[in-house]
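All of the numbers you see were taken from the coordinates with simple rules; none came from a lab. Keep in mind the model is a prediction, meaning the values are calculated, not measured. Cβ sites come from the backbone with ideal geometry, for glycine too, and all protein chains shown count toward neighbours.
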Amino acid sequence: SQQGEEDPQALSIQEGENATMNCSYKTSINNLQWYRQNSGRGLVHLILIRSNEREKHSGRLRVTLDTSKKSSSLLITASRAADTASYFCATDVYNFNKFYFGSGTKLNVKP
Amino acid sequence: DGGITQSPKYLFRKEGQNVTLSCEQNLNHDAMYWYRQDPGQGLRLIYYSQIVNDFQKGDIAEGYSVSREKKESFPLTVTSAQKNPTAFYLCASSISRTGELFFGEGSRLTVL
């Protein structure tokens, strides 16, 4: 499969702690994106990192990309109960006109 | 407000019936996509379209059909040939092939 795969599948933390999720993929990519999905809702784009970038920040989010290891990580700092959701990585595979999604990390932030 | 509208939000179908899910966007995006999501799983691509009057099969196109007669519309028909259609269906669009995806709120189809 060319899909990204997130790790861990589920993560439970206390409010204020940091949450780290990882994504691994198999083939060369143009970019990698992270999305958030609240239960029963559509996905919301969080951040895009291109294959020639190594790190990107957006508010409390920090994304890293290591193309040599074919992996990315999403760090949410100072988590809040409202961050409770599923988080997915999506890879834009080189030479394909489509995005591949992993199975997601379900994050539960306890107040 | 610009965005993607999916309808209906909930749909019940009897076995053997075809159903059509609507997806409309007013973002002026060229590319549109249909994904299927099963409980606790990621998204799987059904069909996608990069331009009007053109579309390609995704990874799980069997039992589904689409049309792209207008830039803003990309309806998905779940046919009776789809063996296990109960799922959450998500429509998305993007301004370019490599841009971020904008998603609708989804349509939940249940086969009775």
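Principal axis lengths of chain B from Cα atoms, whole Å, largest first?
Principal extents (largest minus smallest coordinate, Cα): 37, 26, 24 Å.
Given DSSP loops and a limit of at most 15 other Cβ atoms within 10 Å, what is the longest stretch of chain A that contains no such chymotrypsin sites (Phe, Trp or Tyr not before Pro)?
That would be A:1-93.
Gap in Å between the Cα centre of the range B:1-28 and the Cα centre of the range A:70-85?
Between the Cα centre of the range A:70-85 and that of the range B:1-28, the gap is 30 Å.
With charges only on Cβ, +1 for K and R and -1 for D and E, what is the dipole size of chain B about its Cα centre, in debye, rounded to 20?
Using Cβ point charges on Lys, Arg, Asp and Glu, chain B gives about 320 debye.
Around A:Gly16, under 14 Å between beta carbons, what's the net of Lys plus Arg minus Asp minus Glu among the other residues?
Combined, the nearby Lys, Arg, Asp and Glu give 0.
Partner chain Cβ atoms within 10 Å, averaged over the residues of A:39-49 - can you pull that number for me?
Mean shielding count: 5.
At R0 = 45 Å, how high is the FRET efficiency between A:Asn18 and B:Gln17 if r is their beta carbon distance? Nearest 0.05 is fine.
Using R0 = 45 Å, I get an efficiency of 0.40.
Give me, ordered by chain and number, the residues 5 or more places off B:Gly106 or on other chains with an amide H under 5 Å from its own placed amide H.
B:Gln6, B:Cys91
Quick one: order A:Thr20, B:Thr110 by neighbouring beta-carbon count within 10 Å, fewest to most.
Ranked by crowding around the Cβ, least crowded first: B:Thr110, A:Thr20.
Across the residues of B:39-49, average count of Cβ atoms on other protein chains within 10 Å?
Average neighbour count from other chains, rounded to a whole number: 4.
Determine Rg/Rh for chain A; Rg is computed over alpha-carbon atoms and Rh is the Kirkwood hydrodynamic estimate from the same atoms.
Taking Rg over the Kirkwood Rh, I get 0.96.
In peptide B:18-24, how many Cβ atoms from other protein chains are near each Cβ within 10 Å, on average?
0
What pairs in A:Lys56/B:Lys9; B:Lys14/B:Lys70; A:Lys56/B:Lys83; A:Lys70/B:Lys71; A:Lys69/B:Lys70; A:Lys26/A:Lys56 have C-alpha atoms more than 31 Å from each other?
A:Lys56/B:Lys9; A:Lys56/B:Lys83; A:Lys70/B:Lys71; A:Lys69/B:Lys70
Can you give the % of DSSP beta bridges in chain B that are antiparallel, to the nearest 5?
90 percent
Starting with the fewest neighbours, write out B:Phe12, B:Phe74 ranked by other beta-carbon atoms found within 10 Å of each beta-carbon.
B:Phe12, B:Phe74
Going toward the positive end of the dipole of chain B, with +1 on Lys and Arg Cβ and -1 on Asp and Glu Cβ, which of B:Ser93, B:Tyr33, B:Val19 do you reach last?
It is B:Val19, whose Cα lies furthest towards the positive end.
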